[in-house]
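The values are calculated or read from the model by the stated rules, or taken from the named source; none is laboratory data. None of these values were measured; they are calculated from a predicted model. FYI the Cβ positions are ideal-geometry reconstructions off the backbone, even for glycines, and counts take in every protein chain you see.
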Amino acid sequence: MTVPGLKLVIQKEPPEYKDIFQYLIKNYEDPGKGTEMEKFWVNDLEEGQYPRLEGPVSEEKVHFGSPEEAARTIEEFAIAAGADMIGFTEVTDEIIFKGATVNGKYAISIGFQMNIEAISKAPGPPTGIEALRAYWRLGSIILKVSQFIRSMGYQAQGHQVRTFIKDPPTVLNSLAAVNAGLGEVGRLGLLITPRFGPRVRLGTITTELELPDNGERPFGVDEFCSHCTICADECVGEAIPMEKSLERGHMKYTIDPYKCLTEFAKYDGCGVCISVCPFNRPENEMEWFLEGVRKMVKGYP
């Protein structure tokens with residue numbers, strides 16, 4: 001029964017890691033090591049990059065006039081290091097996995113786009129190789145930006161998804177990206193951005209350096225996905241739902257990870273849902289497509 005005048009408050013809970021990557025390794029052949037290049041990428045992610053996600057902090061501290069000034073400095077460096085997208089938000093319990101230790105009150109979300117031609121070949125080896133390449137390049141960017149912040153006298157901790165072999169994940173990168181204004185999570189369970197659609201890989205840096213909170217910036221994805229079911233129709237593993245469900249205080253399309261892994265394991269990343277998504281198109285086509293979305297979904301700038 002609904003009581004007039006009372007607002008239903010749903011508690012947003014932190015995510016819980018369900019050992020899906022350990023399930024993948026245990027039940028399927030070890031993915032991502034089909035070529036010498038892939039072997040190098042995986043080894044560098046796990047043995048080269050992972051130990052350097054944290055490090056010593058300079059004793060000399062650079063002082064900024066405002067959080068916005070600090071953000072501009074970091075954004076300029078991140079873009080020079082190879083980042084395609086960057087946003088800022090505060091660290092909240094809902095983006096931190098249960099049991100994880102995260103340092104810093106502020107979060108930097110970084111996105112790296114994947115090659116659209118490789119993604120268009122999904123499902124197949126080119127798509128999986130491209131996803132792994134993106135994780136490797138993104139990991140390098142996360143390291144560089146973290147080191148840059150520490151060189152200015154502020155603690156910074158890197159978080160990126162391909163470190164699951166060593167430890168469980170720490171930050172739910174997609175939700176951090178939503179809170180940092182980089183995009184919205186679509187029916188396919190991935191972040192959809194206004195520049196690259198769902199064709200991005202995400203990493204996060206948490207830091208004590210005071211930064212602004214960009215806030216969510218919806219642009220019509222949720223409404224569009226409520227009418228579009230292409231990704232669900234084309235998902236070979238039938239992992240994408242037609243309806244939303246309540247998950248950690250959010251009404252969302254909850255992907256079945258075990259159904260997804262069946263196809264994921266074949267190529268270290270299936271990618272069909274990304275390739276068929278209407279938002280997955282060349283960057284020079286995004287503006288006219290988004291104009292159509294704006295006309296369909298009223299109330300978005």
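Below, the figures for the structure above:
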{"quantity": "Pairs where the first residue, in the range 141-162, is more than 19 Å from GLU90 (Cα to Cα) and the second is assigned to a helix (DSSP H, G or I) and modelled with pLDDT of 95 or more, C-beta under 6 Å, 6+ apart", "calculated": "ILE141/ALA81; LYS144/ALA81; PHE148/PHE77"}
{"quantity": "Index of the failed condition, THR127 passing every other in (1) among the polar types (S, T, N, Q); (2) buried (at least 17 other Cβ atoms within 10 Å of the Cβ); (3) closer than 19 Å to ASN179 by Cβ", "calculated": "(3)"}
{"quantity": "Of residues in the range 155-174 being farther than 9 Å from GLY203 by Cβ and either hydroxyl-bearing (Ser, Thr, Tyr) or modelled with pLDDT of 95 or more (or both), the one surrounded by the fewest Cβ atoms within 10 Å (Cβ to Cβ)", "calculated": "GLN155"}
{"quantity": "Qualifying residue in the range 170-185 (condition: free of Cβ contacts under 8 Å to residues at least 40 places away in the same chain and assigned to a strand (DSSP E or B))", "calculated": "yes"}
{"quantity": "Scope the range 88-120; condition more than 17 Å from GLN157 (Cβ to Cβ) and touching a residue at least 12 places away in the same chain (Cβ under 8 Å); matching residues", "calculated": "GLU94, LYS98, GLY111, PHE112, GLN113, MET114, ASN115, ILE116, ALA118, ILE119, SER120"}
{"quantity": "Residue in the range 92-102 that is surrounded by 18 or more Cβ atoms within 10 Å (Cβ to Cβ) and polar (S, T, N, Q) present", "calculated": "no"}
{"quantity": "Flag if GLN157 is more than 26 Å from PRO218 (Cβ to Cβ), among the polar types (S, T, N, Q) and in contact with an Asp or Glu (Cβ under 7 Å, 6 or more places away or on another chain)", "calculated": "yes"}
{"quantity": "The range 40-68, subset in a helix (DSSP H, G or I) and either of a type in the set (Asp, Glu) or more than 28 Å from the chain's Cα centre (by Cα) (or both), residue modelled with the highest pLDDT", "calculated": "GLU68"}
{"quantity": "Residues (hydrophobic (A, V, I, L, M, F, W, C), exposed (fewer than 13 other Cβ atoms within 10 Å of the Cβ) and assigned to a helix (DSSP H, G or I)) located in the range 246-301", "calculated": "TRP288, MET296"}
{"quantity": "Hey, ALA265 at negative phi, touching a residue at least 60 places away in the same chain (Cβ under 8 Å) and of a type in the set (Gly, Ala, Ser) or not", "calculated": "yes"}
{"quantity": "The range 85-142: number of residues that are of a type in the set (A, V, I, L, M), part of a strand (DSSP E or B) and farther than 26 Å from ASP19 by Cα", "calculated": "2"}
{"quantity": "Complete set of residues in the range 115-152 that are within 16 Å of LEU202 (Cβ to Cβ), out of contact with any strand residue (DSSP E or B) (no Cβ under 9 Å at 6 or more places or on another chain) and of a type in the set (Gly, Ala, Ser)", "calculated": "SER140"}
{"quantity": "Contacts under 8 angstrom Cβ, first residue in the range 239-252 being under 23 Å from PHE264 (Cα atoms), partner assigned to a strand (DSSP E or B) and of a type in the set (Gly, Ala, Ser), 6 or more apart", "calculated": "LYS252/SER245"}
{"quantity": "Considering residues of the range 41-89 that are touching a Phe, Trp or Tyr at 6+ places or on another chain (Cβ under 6 Å) and more than 17 Å from ARG201 (Cα to Cα) only, the residue surrounded by the most Cβ atoms within 10 Å (Cβ to Cβ)", "calculated": "ALA70"}
{"quantity": "Residues of the range 215-226 classified as without any contact (Cβ under 8 Å) to a residue 60 or more places away in the chain and either loosely packed, with under 15 Cβ neighbours inside 10 Å or not in a helix (DSSP H, G or I) (or both), total", "calculated": "3"}
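Listed here are the residues, each with its yes/no results for (1) among the small types (Gly, Ala, Ser); (2) in contact with a strand residue (DSSP E or B) (Cβ under 8 Å, 6 or more places away or on another chain).
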site	(1), (2)
THR262	no, no
LYS266	no, no
GLY269	yes, no
VAL272	no, no
VAL276	no, no
ASN280	no, yes
ASN284	no, no
TRP288	no, no
ARG294	no, no
